[in-house]
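Computed from the coordinates by the stated procedures, all read-outs in this text should not be read as laboratory data. Since the model is a prediction, treat every value here as computed from it, not as a measurement. Note that we place each Cβ from the backbone using ideal geometry, even for glycine, and neighbour counts take in every protein chain shown.
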Amino acid sequence: MTFSFTATAKCDYCGQLLSDSDEECDHDGNPVYKAVFRRLGEGRDSLIGVEATAGWKWHKLAQAVGEDWIAYEYLGRKEYINTLLESPIWESVEELPHLHMSVDAPDDVADVLDDDE
């Protein structure tokens, strides 16, 4: 039986398969940014930021917090969150509206947890 591997690594920022770990990834043209998440019903202490492309942000969160990723909501890009907090409308992180919840995440997010084992 012969095995052939064409991809031996995955990009940390977009999840794209790479031919080796030293390969530069263009993320299919998608920008990498700091995505900010908040644990449901909590405030500033629960914030977590991950650097990823838009399509990989939930996967990156799952890598950072494990199975608990499902208890988070996506608030937006770091710059957006900072702008909201500077406005007089929002007094605290707890009051910020979320853009997406874990139910909106891609179906394969939990698969990254299996990849780490």
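In table form, for the structure just shown:
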item	result
For segment 22-100, with +1 on Lys and Arg beta carbons and -1 on Asp and Glu, the positive-most of VAL32, GLY76, VAL50 along the dipole	GLY76
Over the chain, relative contact order from alpha-carbon pairs under 8 Å, at least 6 apart, %	22
Kirkwood-based shape ratio for the chain, expressed as Rg/Rh from alpha carbons	1.06
Segment 31-115, dipole about Cα centre (Lys/Arg Cβ +1, Asp/Glu Cβ -1), debye to the nearest 20	360
Added length on full extension, which subtracts the Cα-Cα distance from 0.36 nm per residue, ALA54 to TRP90	10.5 nm
Ranking of VAL32, VAL103 by count of other Cβ atoms within 10 Å, fewest first	VAL103, VAL32
Which of CYS25, CYS11 has the fewest Cβ neighbours within 10 Å, and the rest in rising order	CYS25, CYS11
